[in-house]
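Report on the structure given below.
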Amino acid sequence: TLLLSQIGPLHYAKQRNHLERDVTMKGLYFQQSSTDEEITFVFQERENLPVTEDNFVKLQVKACALSQINTKLLAEMKMKKDLFPVGREIAGIVLDVGSKVSFFQPDDEVVGILPLDSEDPGLCEVVRVHEHYLVHKPEKVTWTEAAGSIRDGVRAYTALHYLSHLSPGKSVLIMDGASTFGTIAIQLAHHRGAKVISTACSLEDKQCLERFRPPIARVIDVSNGKVHVAESCLEETGGLGVDIVLDAGVRLYSKDDEPAVKLQLLPHKHDIITLLGVGGHWVTTEENLQLDPPDSHCLFLKGATLAFLNDEVWNLSNVQQGNYL
């Protein structure tokens, strides 16, 4: 995730009276070519937003995070536009609120994620957003920290709290723990009193994970492709298997059919099923996961559950249902 704050034409440290006087402002958008292979980024002039109405909040953006733009998802949702707004994770100060807003008032410091169908880019001085996409920013959290952690924080909390029902004493395997998502998931799991096992994809990642406090129960270095993840997890849990698995993708096919990089770093789906304990929860980020009948039968015998972690689960439900959570 790339953080942008106080940069060139998008310098956010402007006073409110100056913002209110501006007639136009610039926002960053991207335009996809007809071949869907090339993306062009452009600054677009926008008129100053009108007084907020109903449940919308007018927000002065102090920091915005840039995450990867999922053009495939936008196409699947049939969200065809000439220009798509850039930047969705934002933190800022409330300038004005609509007549039906109940959670915020002017001068509140907030952080949130703009919906997929937002007309406003996060990379703009002022945006309008529905109040249900915002939360209050903790006082001791900086603007950049808030904008940079909100997306992966929501993903990690969804995986551990809603999809796997984490509780104290459980064992959790978090794949690629040194990633942004992984580090937040490890901290949340530790906070709930879980025993954490994690994989490292390089020596630097391994050293990073070994510095965690409280310490991770076991760091499995998969960078050389020689360590068997399932055997290591079963050894760590006395043969019982782990209660919760958060993967970072899995291999679906035989060695001859997988790219070399994917072969080396990701476990096979059979390894995940093998290391999963009785009544365990497997939370996967693999959108095209395919399970054969023997795989399903093995999960059935273990009484295990499988959940899919979609990055846009909250926003997609809003777009599809036409309402707000």
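No value in this document is a laboratory result; all are computed from the given coordinates. Keep in mind it's a predicted model, so treat the numbers as computed, not measured. Note that we place each Cβ from the backbone using ideal geometry, even for glycine, and neighbour counts take in every protein chain shown.
See the values below:
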item	result
Dipole magnitude of the stretch 96-161, debye to nearest 20 (Cβ charges: Lys/Arg +1, Asp/Glu -1, about Cα centre)	300 debye
Residues whose placed amide H lies under 5 Å from that of ALA63, excluding near-sequence neighbours	ALA91
The stretch 150-159 - phi-based ³J(HN,Hα) in whole Hz, Karplus 6.51/-1.76/1.60, Gly and Pro as x	4, 5, 5, x, 5, 4, 5, 5, 4, 5
Karplus (6.51, -1.76, 1.60) ³J(HN,Hα), θ = phi - 60°, over the stretch 113-125, in Hz, Gly and Pro reported as x	10, 5, x, 4, 8, 5, 7, 9, x, x, 7, 8, 6
Amide H contacts of LYS195 (H built 1.01 Å from N, under 5 Å, at least 5 apart or other chain)	GLY169, LYS170, SER171, VAL172
Förster radius 45 Å - calculated FRET efficiency between LYS302 and GLU204, Cβ distance, rounded to 0.05	0.80
Where GluC sites (Glu not before Pro) fall in DSSP loop in the stretch 92-192, at most 15 other Cβ within 10 Å	GLU119, GLU139
Loop trypsin sites (Lys or Arg not before Pro), the stretch 131-176, which have at most 15 other Cβ atoms in a 10 Å radius of their Cβ (DSSP)	LYS140
Entries in LYS195/LYS226; LYS140/LYS195; LYS170/LYS269; LYS195/LYS269; LYS58/LYS100 that, when Cα-Cα distance is taken, lie over 18 Å	LYS195/LYS226; LYS140/LYS195; LYS170/LYS269; LYS195/LYS269
Gain in span if fully extended, HIS165 to GLN68, counting 0.36 nm per residue against the direct Cα distance	32.1 nm
HN-Hα J in Hz across the stretch 85-99 - Karplus 6.51, -1.76, 1.60, θ = phi - 60°, x for Gly and Pro	x, 10, x, 10, 8, 10, 9, x, 10, 6, 9, 7, 10, x, 5
